[in-house]
1. Considering only DSSP states other than H, G, I, E and B, which GluC sites (Glu not before Pro) in segment 31-60 qualify as loop sites with at most 15 other Cβ atoms within 10 Å?
2. Binning at 10 angstrom from zero up to the longest distance, how are the C-alpha pair distances of segment 35-74 distributed in percent?
3. Residue 96 to residue 129: FRET efficiency via 1/(1 + (r/R0)^6), r the Cβ-Cβ distance, R0 45 Å, to the nearest 0.05?
4. Using the crude model of +1 on Lys and Arg Cβ and -1 on Asp and Glu Cβ, and no other charge, please compute the dipole size for segment 33-80 relative to its Cα centre, in debye to 20.
5. Which FRET efficiency value, to the nearest 0.05, is calculated for residue 46 and residue 15 with the Förster distance at 41 angstrom and r the Cβ-Cβ distance?
6. List the relative contact order of segment 132-182 as a percent without decimals, with contacts defined as Cα pairs under 8 Å and 6+ residues apart.
7. With each label point set 7 Å from Cα along the Cα-Cβ vector, what nm distance links residue 63 and residue 174?
8. Going out from 0 in 5 Å bins, what whole percent of all Cα-Cα distances in the chain drops into each bin?
Amino acid sequence: MEWVAAVAQIFHPSTNTISRVSLFGALFFIAGFAWVGGELYRSSYVTREGTPVEQPLPFSHKHHVRDDGIDCRYCHTTVENSSFAGIPSTKICLTCHNQIWPDAPMLQPVRNGQPIQWARVNYLPQFVYFDHSIHVHKGVDCTTCHGPVGDMPLTWQGASLQMRWCLDCHQHPEPYHAKSLTDCYTCHR
């Protein structure tokens, strides 16, 4: 018991309190740091949700879908039978633009016949396999994942597309299904 008395003389009586406060403070700091990291990871800063993406040509889905009434499947030809929705070729653009604005300077890249290098808008991790066709055939509304494309003058990612977001839909799919397959393509008109 003499060593207890000797140690008590070395440490100030408040040392126990300081130690407890330091430990709890460190736990709260770590928990707060983890919470801030989680919020940042789910933020639009990381997911790019809602951030318009610059494209090599000024293309407006709002103009083509809402104003002109062009069906999504006209340009994204493989969405019903492939895992990939398909990026429209310049030939598809020229079916209209040979007659509408045929001499417009901004459409010169379309008329030269070279593929346009569109900037990717929606990102999934490399380990994720996503099949558009199965979702379309199951009646999942396009706007569920891509947002209100018919209202986008510049296209942006409409949802976070993170695992939690996908799981919410897979666990409770009812709110995400279109009334019919044609509703999926006409809902933004």
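Values quoted throughout were computed directly from the atomic coordinates according to the rules given, and no laboratory measurement underlies them. Only a predicted model underlies this, so the values are computations on that prediction, with no experimental measurement involved. Here the Cβ is made from the backbone with ideal geometry for all residues, glycine too, and neighbour counts use every protein chain on show.
1. Details: sites: 39, 49, 54; in loops: 54.
Listed in order of number, the matching sites are 54.
2. 24, 29, 26, 18, 4
3. Details: r = 34 Å, r/R0 = 0.75.
The calculated FRET efficiency here is 0.85.
4. Details: 5 positive and 7 negative charges, 23 e Å.
Charge dipole, segment 33-80, about its Cα centre: 100 debye, nearest 20.
5. Numbers: r = 43 Å, r/R0 = 1.04.
Computed FRET efficiency for residue 46 and residue 15 comes out at 0.45.
6. On the way: 31 pairs, mean separation 24.4, N = 51.
Value for segment 132-182: 48 percent.
7. So the two model labels end up 4.2 nm from each other.
8. Per 5 Å bin, starting at 0, the Cα pair percentages come out as 1, 6, 10, 15, 15, 11, 8, 6, 4, 3, 3, 3, 3, 3, 3, 2, 2, 1, 1, 0, 0.
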